[in-house]
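The structure under discussion appears below in the form of structure tokens.
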Amino acid sequence: MAMKACPAVSLRRARGTNGEHREGSRSERGQSVLLFAILMPIMSLFLLGILDHMVTNARVMETVAAADLASHAGAQEITVLPDGTITATTAGNHIAATYFNAQHLGHAQLLSISCGRHQGRPACFVTAQVQSAGYLLPSRWVTVRAIGYLAHGVTRGDQ
């Protein structure tokens, strides 16, 4: 069975033995307010920085996904002749731009598309920029590059 403290005893402990308030309680309250006043702006800046990073990271991931989709779509328009010659037409660039713009990313912009031979292989190279959130740090542009290689036997005509 738990024993309950007598209210008179706990009141005596809070006020002291002779009924007066303890001397340190007022200064302790002041220290708490001061600590709260110092930590609140620091915590707010920290949380704002986390929010800035999270939003920027989400925007970059969206742009990477759109650029990757566009580069693979553009790579499917590349033609490889039986003798191994890679022929790229402007249709690959147009298809890649259409796929990227269909994603409706308001914070990103398409910089360049190059479909043809990259690193000796048929591929489509897409470069885009995405704007950071700019909540805490100044807004800046982040460059995203994606390359989509043509897989053997996978072109629009083969599907």
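Just so it is clear, none of the values below were taken in a lab; they were calculated from the coordinates. For clarity, every value in this text was computed on a predicted model and none was experimentally measured. In this analysis, Cβ positions are derived from the backbone assuming ideal geometry, glycine residues included, and neighbour counts consider all displayed protein chains.
Taking 0.36 nm per intervening residue step and subtracting the Cα-Cα distance, what contour gain separates residue 87 from residue 45 on full extension?
Working: separation 42, 0.36 × 42 = 15.12 nm, distance 5.35 nm.
Length gained, residue 87 through residue 45: 9.8 nm.
Full extension of the chain between residue 61 and residue 136 gives 25.0 nm of extra length, using 0.36 nm per residue less the Cα-Cα distance. Summing charges over neighbours of residue 130, with a neighbour being any other residue whose Cβ is under 12 Å away from its Cβ, gives +2 when K and R count +1 and D and E count -1. Residues whose amide H falls under 5 Å from that of residue 111, counting only those 5 or more places apart or on a different chain, are 127, 128, 129, with hydrogens built in the peptide plane.
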